[in-house]
Amino acid sequence: MQRATPAAASVVLLSLCLLQPAARGQAAAAPNPSAPSPSAPGQSAPGQSLTPAQARQKATAQGVPEIPYESVPGFFKLPADLYLGESMGVATNSKGHIFVFTRSQLTRLFEFDEQGRFVREIGHELYGFVFAHAVRVDAQDNVWVVDEGSNMVIEFNPRGRVAMLLGRRAAASEGLSETNPAGRGPVNSPPLPYVFDRPTDVAWDKQGDIFVADGYGNSRVVKYDRDGRFLAQTPGPGSGPGQMNLPHSLQVDAAGNVYVADRQNYRIQVFDNNLKVKASYENVGQPWTLCISPGPHQYLYSSNSYPDANLAPMKAVSGEIYKMELNGKVLGRFGRAGKQLGEFSTTHGIDCRDPDRLYISEIVSWRVQKILLHPAHH
């Protein structure tokens, strides 16, 4: 694929959404969640039923109010010969610039300004870019990416230069580093302090300590100090307190507590700063990605994402995103599964630097949506 730059001769306005009826430049209202639809939460598609395992994804929180919202069409602007693939992660820095980590013909990291204009590509053809999974921005505006394929966490400074590496890509002579042939459990048992097995996310506390969700193989969270020295880890795979079955996303609040999307256990687990379990939230379906907003009153967002297998019956029990207090109280929900503007096809990343202005990246629709929430006062 030819590398594109902001100076490309022809620039076109590309919504990172599918076609919509709204006029260009106008915000489009999201679908009415109460409108009759086979994909509305709680309804089954005609002639189809859920297996017990699929039905488990349905959130059990009761009486959750719907948060009014809208999706902004035509926000992102890409050069004419540049496209998104599966949009695995999205994050913003203190200037409002937006970073998108995408799986295309290559794994690529793009930066847009606060108006959605393309700025640059970071790390073009970088050795650690194999299979994108997450992007986050720390308090110093360093950009961190988590690459599931290279088993690496990579920090870029604000100028776009590599500043720190955690993990290591397997040498070509070693072949691919995959989970064992049985399809479960880590390659290294017990897992090694500095060797990841398909990691999924990264976060930091106020001291600069680093937390990595070492997801698919090792099913653990690892804590390192700001210089990358190993400090602690969670117990590993399982369904007991503190154990995990695919930690798919994590966030750290202002007090240093760690929130983990324990995806295949259908719960959010909360740990203290030393990775001792404190609480478990089990009423918001299957958490795929989390985001905690900054500021004096922090909110937790969790997506009960429509699975990327695209099974029609799953639209009945997935697709919505929850807004919560840090103590687990559910304040509201918005969205549903679908491909139209304001619907979500496998939400994989959420940025909530502004708790009422979210950026949401999706796998199946190859897009990022800018979402404006209009919540009542909580």
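Annotations for the structure displayed:
- Separation in nanometres of the label points that stand 7 Å from Cα toward Cβ, at Leu192 and Ser94: 3.7 nm
- Separation in nanometres of the label points that stand 7 Å from Cα toward Cβ, at Asp225 and His124: 3.9 nm
- Dimensionless Rg over Rh [the range 260-374; C-alpha; Kirkwood]: 0.96
- Here the range 203-325 is treated with +1 on each Lys and Arg Cβ and -1 on each Asp and Glu Cβ, and its dipole about the Cα centre works out to around 100 debye.
- Here, P(r) means the percent of Cα pairs in each 5 Å bin from 0 to the largest distance; for the range 254-325 it is 3, 16, 25, 23, 16, 8, 5, 3, 0.
- Simple point charges give the picture: +1 on the Cβ of Lys and Arg, -1 on the Cβ of Asp and Glu, and for the range 70-219 a dipole about the Cα centre of about 180 debye.
- With a Förster radius of 45 Å applied to the C-beta separation of Phe131 and Glu66, the computed FRET efficiency comes to 0.80.
- Hydrodynamic radius (Kirkwood) for the range 286-337, which is based on Cα pairs only, to one decimal in Å: 11.7 Å
- Kirkwood Rh and Cα Rg combined as Rg/Rh, the range 61-163: 1.03
- Compared with the alpha-carbon gap, the fully stretched path from Lys206 to Ala172 is longer by 8.5 nm at 0.36 nm per residue.
- Net charge of neighbours whose Cβ lies under 9 Å from the Cβ of Gln298, counting Lys and Arg as +1 and Asp and Glu as -1: -2
- Loop-located chymotrypsin sites (Phe, Trp or Tyr not before Pro) in the range 189-242 (DSSP state other than H, G, I, E, B) with a sparse environment of at most 13 neighbouring Cβ atoms within 10 Å: Tyr194.
- About the centre of its Cα atoms, the range 187-261 shows a dipole size close to 80 debye [charges on the beta carbon of Lys, Arg (+1) and Asp, Glu (-1) only; nearest 20 debye].
- Projected label distance in nm at Asn157 and Glu114, using a 7 Å step from Cα toward the beta-carbon: 2.5 nm
- Asp141-Gln105 FRET efficiency (beta carbon distance; Förster radius 25 Å; 0.05 resolution): 0.30
- The trypsin sites (Lys or Arg not before Pro) of the range 71-169 meeting both criteria, a DSSP state outside H, G, I, E and B (loop) and at most 10 other C-beta atoms within 10 angstrom of the site's C-beta, are Lys95, Arg159, Arg161.
Values in this text are rule-based calculations from the coordinates and carry no lab data. Bear in mind the structure is a predicted one, so any value in this text is a computation, not a measurement. Because the Cβ atoms are built from the backbone with ideal geometry, glycine has one as well, and the counts that use them run over all protein chains shown.
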